[in-house]
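Okay, structure first, notes after.
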Amino acid sequence: MVEQIEHKLRQMRLTGMALGWQTLKETKQAFDLSFSDGLEILIQREEEERKNNRFNRMIKGARFRYQASLEELNYDSSRGLNKSLIASLSSCQYIEKGESVLITGATGCGKSFLASALGHQACLNGYSVIYSNSQKFMLRTKMARTEGTLLKYFDKIAKTSLLILDDFGLTRMDQQQQFDLMEVIEDRHGKKSTIIVSQLPPASWFDVISETTIADAILDRLVHTSNIIELKGDSLRKKR
């Protein structure tokens, strides 16, 4: 009977309950607990298992550049990283409010690591995340247009809780890319959060987005509702 219970739980894909039942057997508590206490333990184990599985799926799907967490951040005073701001962002309230985060700084100062850590924290709190290099993001947009799936792709982006665009501004954007970025930012404005990671400060984005009206519109939707983080200091890669 004991083995049959475990088999049935796994057969019904109640993996958490099966693991919980196995633990109860090994600790010889399976028949010492009351029915309600035992059931509560099994349900709690199933909830934990499903939460962990969902988190792992979200982490895998997000494709972060680094496996990073906020606990690993370096708050050395020379870096200009505001600990109270990071603590505020860790609550993910900015995602609930649809606010943006702009992370700027020189090459190697830890911008991508910070963005990955914020994305990891979002996944921990149950928010969907897409992390992408900006050039690859625009390339996928171009491919979606060619394949006739652009609206479906834009809809997926619009529904994602947090979009992280890394290495923004390394190359100038052509006119179509500018319109596409405007479409993405417009869909998300005030509803979903976007993190932009760039070596360039926002004032210099006009060099990347040559159409002044589009640049104005994008900056207006991003900068005025954003948390700005300007990292400083020498390259962390050199220190390694």
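The values are calculated or read from the model by the stated rules, or taken from the named source; none is laboratory data. All values reported here derive from a predicted model rather than from experimental measurement. Every residue, glycine as well, gets a Cβ built from its backbone with ideal geometry; the counts of neighbours run over all protein chains shown. Heavy atoms of the whole protein, side chains included, go into the accessibility calculation; ligands, DNA and RNA do not. Shrake-Rupley method; radii C 1.70, N 1.55, O 1.52, S 1.80 Å.
Structure data summary
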{"quantity": "32 Å Cα-Cα threshold exceeded, pairs from LYS8/LYS60; LYS83/LYS152; LYS111/LYS159; LYS8/LYS191; LYS51/LYS159; LYS51/LYS192", "calculated": "LYS83/LYS152; LYS8/LYS191"}
{"quantity": "LEU200 versus ASP37: modelled label distance in nm, points set 7 Å from Cα along the beta carbon direction", "calculated": "6.5 nm"}
{"quantity": "Surface/4 of the Cα convex hull for region 1-117, nm²", "calculated": "11.3 nm²"}
{"quantity": "Computed [θ] at 222 nm, deg cm²/dmol, the chain (DSSP H ≥ 4; -39,500 (n - 2.57); rounded to nearest 500)", "calculated": "-17000 deg cm²/dmol"}
{"quantity": "Extension gain (nm, one decimal) between LYS142 and ASN125, 0.36 nm per residue minus Cα-Cα", "calculated": "2.9 nm"}
{"quantity": "Where Rh is the Kirkwood radius over Cα pairs, Rg/Rh for the chain", "calculated": "1.11"}
{"quantity": "Cα centroid of region 185-236 to Cα centroid of region 88-109, whole Å", "calculated": "11 Å"}
{"quantity": "Within the accessible area of the chain (1.4 Å probe), percent carbon and sulfur", "calculated": "51 percent"}
{"quantity": "Interchain or long-range residues, amide H under 5 Å from VAL101's placed H", "calculated": "THR194, ILE195, ILE196, ASN227"}
{"quantity": "Most to least packed among 43-51, 77-85 [average Cβ atoms within 10 Å]", "calculated": "43-51, 77-85"}
